[in-house]
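S.K.: I am attaching a structure below and will ask some questions about it afterwards.
Read the figures in this text as sums done on the coordinates, not as results from a lab. Keep in mind that this is a model prediction, so the values were computed, not measured. Note: ideal-geometry Cβ built from the backbone for every residue, glycine included; neighbour counts use all protein chains shown.
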Amino acid sequence: MADYKITPDLANLAKPFLDLGLYDSPATFFRDIIRDMVKHKLDRYECIIEKFERKYSMDFSDFSKKLERGGAIKEEDDWMEWEAAINMLGAWKNTISLV
């Protein structure tokens, strides 16, 4: 993984928190913010997936099989949104281990 430097402009965002002693470096400040953002994304996509599981009383795999036999346009739209949420959840899960 590349070693990125924090620019002075970004370091200034962390300064008030460093001055209070809440963080020991801009890097730890930003790591904490990014970790919180990733957790928020995980929660968001888990909620979307749970919404569709409740709405259709089945998981995505079963819903996909049901649509193979035919479905309404609204169901196909939901399928695309559901699939996107699953893909994004997977991507964010991979990210959480990096922060």
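S.K.: Could you say which residue among 45, 23 is surrounded by 14 or more Cβ atoms within 10 Å (Cβ to Cβ) and in a loop (DSSP other than H, G, I, E, B)? Don't jump to the end; show me each part of the working.
M.R.: Values: 45 fails: in a loop (DSSP other than H, G, I, E, B).
Result: 23 is the single residue among 45, 23 that is surrounded by 14 or more Cβ atoms within 10 Å (Cβ to Cβ) and in a loop (DSSP other than H, G, I, E, B).
S.K.: Another question, then. Look at residue 58 and say whether it is outside any helix (DSSP H, G or I) and touching a helix residue (DSSP H, G or I) at 6+ places or on another chain (Cβ under 8 Å).
M.R.: Values: outside any helix (DSSP H, G or I): yes; touching a helix residue (DSSP H, G or I) at 6+ places or on another chain (Cβ under 8 Å): yes.
Yes.
S.K.: Would you be able to say whether some residue in the stretch 65-80 is surrounded by 12 or more Cβ atoms within 10 Å (Cβ to Cβ), in a helix (DSSP H, G or I) and touching a residue at least 24 places away in the same chain (Cβ under 8 Å)?
M.R.: yes
S.K.: One residue is enough: does the stretch 1-11 have a residue meeting the conditions out of contact with any Gly (no Cβ under 7 Å at 6 or more places or on another chain), touching a residue at least 60 places away in the same chain (Cβ under 8 Å) and part of a loop (DSSP other than H, G, I, E, B)? Write out each step before concluding.
M.R.: Filtering the stretch 1-11 for residues out of contact with any Gly (no Cβ under 7 Å at 6 or more places or on another chain) gives 1-11.
If we keep only those that are touching a residue at least 60 places away in the same chain (Cβ under 8 Å) as well, we get 1.
Those still in the list that are part of a loop (DSSP other than H, G, I, E, B) too: 1.
Yes, because at least one residue in the stretch 1-11 is out of contact with any Gly (no Cβ under 7 Å at 6 or more places or on another chain), touching a residue at least 60 places away in the same chain (Cβ under 8 Å) and part of a loop (DSSP other than H, G, I, E, B).
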